[in-house]
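Contents: one structure, followed by commentary.
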Amino acid sequence: MSATPAPPAPPPVPGDYLARLNPEQRAAVETLEGPLLVLAGAGTGKTRVLTTRFAHILLTGRAQPHQVLAVTFTNKAAREMRARVAAIIQRPVEGLWLGTFHALAARMLRRHAELVGLRSDFTILDPDDQSRLLKQVMEAAGVDLKRWPVNNMMGIIQRWKDRGLPPGRIPAAETSDYANNRAEALYAAYQARLAALNAADFGDLLLHMTEILRGHADVLERWQRLFRYILVDEYQDTNLVQYMWLRLLAQHADPAQRNICCVGDDDQSIYSWRGAEIENILRFEKDFPGARIVRLESNYRSTRPILAAASGLIARNEGRLGKTLRPGRADSQGGEKIRIVSLWDSEEEARMVGARIEAASRAGQDLGEVAILVRAGFQTRAFEERLIAIGIPYRVFGGAKFYERQEIRDAVAYFRAMVNPADDLAFERIVNTPKRGLGDTAIATLHRAAREQGVPLAIAARGLVGTDALRPKPRAALRELLEGLDRWRAGLEHEGHVVVAAQLLEESGYTAMWQQDRSPEAAGRLDNLKELLRALGEFATMAAFLEHIALVMENDEAAEGARVSLMTLHAAKGLEFDMVFLPGWEEGLFPSQRSLDEGGAKALEEERRLAYVGITRARRHCIISHAANRRIYGNWTSTIPSRFLDELPEAEVVREGETRTPAMPHSVFAAGPLGSRPRLIEAGAWEVTARPARAGALQVGQRVFHQKFGYGRIIAVEDDRLDIDFEKAGSKRVLDRFVEPA
Ligand code: ATP
Ligand code: MG
């Protein structure tokens, strides 16, 4: 980092990159001086503008590659941008400040670490280490961890960090009464421990950097001089601390040098649950007086029907900035309508998607241009199985494949250890998961005994619990585990394997481990475990299931070349595909009941934005589906189609498949402990007997009783669907036949 030398003479401009832009895009690329906000809908070329602008800056000699700061949302996006810039300027580019907020902040922080009491070789802790450290801090402070779980405190700290608040500066409005008003003191103690360990957590990277820039005018000025241009993609999803960091860097003393260009779309803001603040976009003009706003209105990605459907849907949201979006593709006038496919159950849905991909592939469709985008991680399982069965290669982005996920591997290890006492690998994985007090010493003793006797670990363990080689606590824990394994194994003889599996997960304490976990991933893991039980239900025996998994895992290693992409809607931001499948559009699943419970009407709008993001990923084919029935622990339960399906403009969709009346639920087997409670599950389904549609009308405002959710008041009526504000269960959409006047 040094004072900027005079820019070199512009090199010759290769290619016709500017000619590949429309006039508005071109204006956005060529307006290089002063703050600029590109506010535009999906697929209008925001990212293309940013990339071209980057190349243009370099090609016209306005800055050296290291003098441009470019922020993207994912590392994948950063790689793509680097490749595209290199393609335009026709040479590889090195030394770029191009990456995610975290990556860039970490790199800067290494140069100034001493200013926040760290050395430049500080360690960045992963979430596991963070929790462990915080737990130590809380234990040392005598906090009752049963009452005040570590992960809740972690969440509070993260929120403060996302809002740029170091300990000692938490405003009264943002304090927390956690652990009897000790949250801020614990935060301070945690930060002190991090400093002592020469470590930073993810949130620290930006927090420390903004603190440094704020507190050290000389440092700030050097960075401001270095970065002649700042480029930011997906600006609508920045959180407060990211925003502060950007603003500091961009507030050059000379207003003529405030060359920051942000591109974003308020309709695609989908990360408020991670602290993103849409207001950052609205504040842009205020923070940067004289800012130019460019609007792009031609969408080059999707055909007209896809665009019209997405626009019609998002128009239902209030609180939008409002943008025009029109088809810009040469072939945009034709185009196939969005397909809404109604299916009988989730298995049929997976078959439908598989069959269509197969047919498309036979017709020459590049599989790399096909995506299945889901609302919740657990949904990938059914599609993965189907794709494997029909031999279509796929990749799961932004997360592990279903059977590779930690909780699934753990659960499967339990199943293996139950079926096969000689399976040492499985036994070792589960012997102290969840933690049952079998520490390193106990495990070492166990291994030694197994080696000496030449028997599997589980057998050696059996011998050990009869001796005093282990201390009483680990001995009791081990005995309990062995007894459990025997009991479950015996259960397989006379009870259904799904029932036994559910019992096992409950009685071993494995489910409880994730229930007590307050990290944002825990709920998804519990969903995955339920999905695993559903998968089990598709096999006649536990052994058949385990064999299937072994084959599935092997299959993973195969296949090079183009693959179908599976990912969540959140991970699909900024991407595009020829053919997009959007399955599981059912109330409860999408919109997600969990989000609605937590965030109410605001959350519904965010869910709708997520639907908009999903549809606008598609270039030519968009297939949305919903299943009328989902299997929950072997019980079939009925669902109702997502309200978003009704919100799509009828002229742009074709509906396929009949929506049959919900199945009368029937028990496939006696419900196990997990399934014994009739309860709302994530898919928005319930296990109750459906009555025929009611004759007498129910009215808005009327107080009613619902079999599962109790008392509530009707907020809206639409055909046979009711939006009800339940006194206990919050607001939900239900079928009228489950409701009676109170
Ligand atoms: P999102 O909001 O989803 O991030 P975006 O606004 O960033 O979308 P891009 O991904 O930059 O849009 O562009 C969408 C597609 O349109 C890309 O395939 C891009 O190459 C193409 N495109 C953009 N501008 C033009 C243009 N002027 N002419 C032809 N194609 C274009
Ligand atoms: Mg983009």
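The values are calculated or read from the model by the stated rules, or taken from the named source; none is laboratory data. From a predicted model like this one, the values you see are computed outputs, not experimental measurements. Using ideal geometry, Cβ is built from the backbone for each residue, glycine included, and neighbour counts are taken over all protein chains shown. Ligands, DNA and RNA are excluded from the accessible area calculation, which covers all protein heavy atoms including side chains. Shrake-Rupley method; radii C 1.70, N 1.55, O 1.52, S 1.80 Å.
Structure above, values below:
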| item | result |
| --- | --- |
| Selection status of Gln257, farther than 25 Å from Glu598 by Cβ and of a type in the set (S, T, N, Q) | yes |
| Filtered residues of the range 536-551 (kept if open to solvent by less than 50 Å² (accessible area, probe 1.4 Å) and free of Cβ contacts under 8 Å to residues at least 60 places away in the same chain) | Leu536, Phe539, Ala544, His548 |
| Within the range 229-266, considering residues that are open to solvent by less than 30 Å² (accessible area, probe 1.4 Å) and of a type in the set (D, E, K, R), the one farthest from ligand 2 (Cβ to nearest atom) | Asp266 |
| Residue check, Arg462 modelled with pLDDT of 90 or more, more than 22 Å from Phe545 (Cα to Cα) and surrounded by fewer than 19 Cβ atoms within 10 Å (Cβ to Cβ) | yes |
| Residue count for the range 239-273, restricted to those that are assigned to a loop (DSSP other than H, G, I, E, B) and in contact (Cβ under 8 Å) with a residue 60 or more places away in the chain | 6 |
| Among (1) more than 16 Å from ligand 1 (Cβ to nearest atom); (2) open to solvent by less than 30 Å² (accessible area, probe 1.4 Å); (3) touching a Lys or Arg at 6+ places or on another chain (Cβ under 7 Å); (4) not in a helix (DSSP H, G or I) - the single one Val654 does not satisfy | (2) |
| Of residues in the range 274-292 being in contact (Cβ under 8 Å) with a residue 60 or more places away in the chain, open to solvent by 60 Å² or more (accessible area, probe 1.4 Å) and at negative phi, the one farthest from ligand 1 (Cβ to nearest atom) | Glu285 |
| Enumeration of residues in the range 311-334 that are over 15 Å from Tyr612 (Cβ atoms) and either outside any loop (DSSP other than H, G, I, E, B) or within 12 Å of ligand 1 (Cβ to nearest atom) (or both) | Arg326, Pro327, Gly328, Arg329, Ala330, Asp331, Ser332 |
| Residues of the range 167-221 that turn out to be in contact with a Ser or Thr (Cβ under 9 Å, 6 or more places away or on another chain) and surrounded by fewer than 17 Cβ atoms within 10 Å (Cβ to Cβ), as a count | 3 |
| For Pro92: the one exception among (1) more than 23 Å from Tyr243 (Cα to Cα); (2) crowded, with 22+ Cβ neighbours inside 10 Å | (2) |
| Cβ-Cβ under 9 Å pairs, at least 6 apart or on other chains, the range 433-459 side assigned to a helix (DSSP H, G or I), far side aromatic (Phe, Trp, Tyr) and at pLDDT 90 or above | Leu457/Phe427; Ala458/Phe427 |
| Filter result (within 11 Å of ligand 1 (Cβ to nearest atom) and either in contact (Cβ under 8 Å) with a residue 40 or more places away in the chain or assigned to a helix (DSSP H, G or I) (or both)) within the range 18-27 | Leu18, Ala19, Arg20, Asn22, Pro23, Glu24, Gln25, Arg26 |
| Residue check, Gly496 farther than 30 Å from Trp273 by Cα and open to solvent by less than 10 Å² (accessible area, probe 1.4 Å) | no |
| Strands (runs of 3 or more DSSP E) contained entirely in the range 32-140, each with at least 2 residues that are within 16 Å of ligand 1 (Cβ to nearest atom) and among the hydrophobic types (A, V, I, L, M, F, W, C) | 36-40, 68-72 |
| Number of the exception - Arg316 against (1) over 25 Å from Leu96 (Cβ atoms); (2) more than 25 Å from the chain's Cα centre (by Cα); (3) surrounded by fewer than 21 Cβ atoms within 10 Å (Cβ to Cβ) | (2) |
| Filter result for the condition that a residue is under 25 Å from the mean Cα position of the chain (by Cα), in a helix (DSSP H, G or I), of a type outside the set (S, T, N, Q) and surrounded by fewer than 22 Cβ atoms within 10 Å (Cβ to Cβ), over Glu385, Glu428 | Glu385 |
| Residue satisfying all of: in the range 293-310; outside any loop (DSSP other than H, G, I, E, B) and within 13 Å of ligand 1 (Cβ to nearest atom); most open to solvent (accessible area, probe 1.4 Å) among these | Arg295 |
| Search result, residues across the range 198-235 that are within 25 Å of Pro255 (Cβ to Cβ) and within 16 Å of ligand 1 (Cβ to nearest atom) | Leu231, Val232, Asp233, Tyr235 |
| Enumeration of residues in the range 561-595 that are among the charged types (D, E, K, R) and within 18 Å of the chain's Cα centre (by Cα) | Lys573, Glu576, Arg594 |
| The range 567-592, residues that are within 27 Å of Tyr300 (Cα to Cα) and open to solvent by less than 10 Å² (accessible area, probe 1.4 Å) | Met567, Leu569, Ala572, Val580, Phe581, Leu582, Pro583, Trp585 |
| Any hit, the range 326-333, residues being at pLDDT below 85, in contact with a strand residue (DSSP E or B) (Cβ under 9 Å, 6 or more places away or on another chain) and under 15 Å from Glu606 (Cα atoms) | no |
| Per-region count, the range 288-300, residues closer than 16 Å to His252 by Cα and within 31 Å of the chain's Cα centre (by Cα) | 0 |
| Some residue of the range 189-206 being in contact with a strand residue (DSSP E or B) (Cβ under 6 Å, 6 or more places away or on another chain) and at pLDDT 95 or above | no |
| Residues of the range 143-165 satisfying the condition of being open to solvent by less than 20 Å² (accessible area, probe 1.4 Å) and more than 19 Å from Glu521 (Cβ to Cβ) | Val143, Trp160, Gly164 |
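Residue-wise test of (1) open to solvent by 20 Å² or more (accessible area, probe 1.4 Å); (2) free of Cβ contacts under 8 Å to residues at least 24 places away in the same chain; (3) of a type in the set (Gly, Ala, Ser).
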residue: Glu30; (1), (2), (3): yes, no, no
residue: Val38; (1), (2), (3): no, no, no
residue: Ala42; (1), (2), (3): no, no, yes
residue: Thr47; (1), (2), (3): yes, no, no
residue: Thr51; (1), (2), (3): no, no, no
residue: Ala55; (1), (2), (3): no, no, yes
residue: Leu59; (1), (2), (3): no, no, no
residue: Val68; (1), (2), (3): no, no, no
residue: Val71; (1), (2), (3): no, no, no
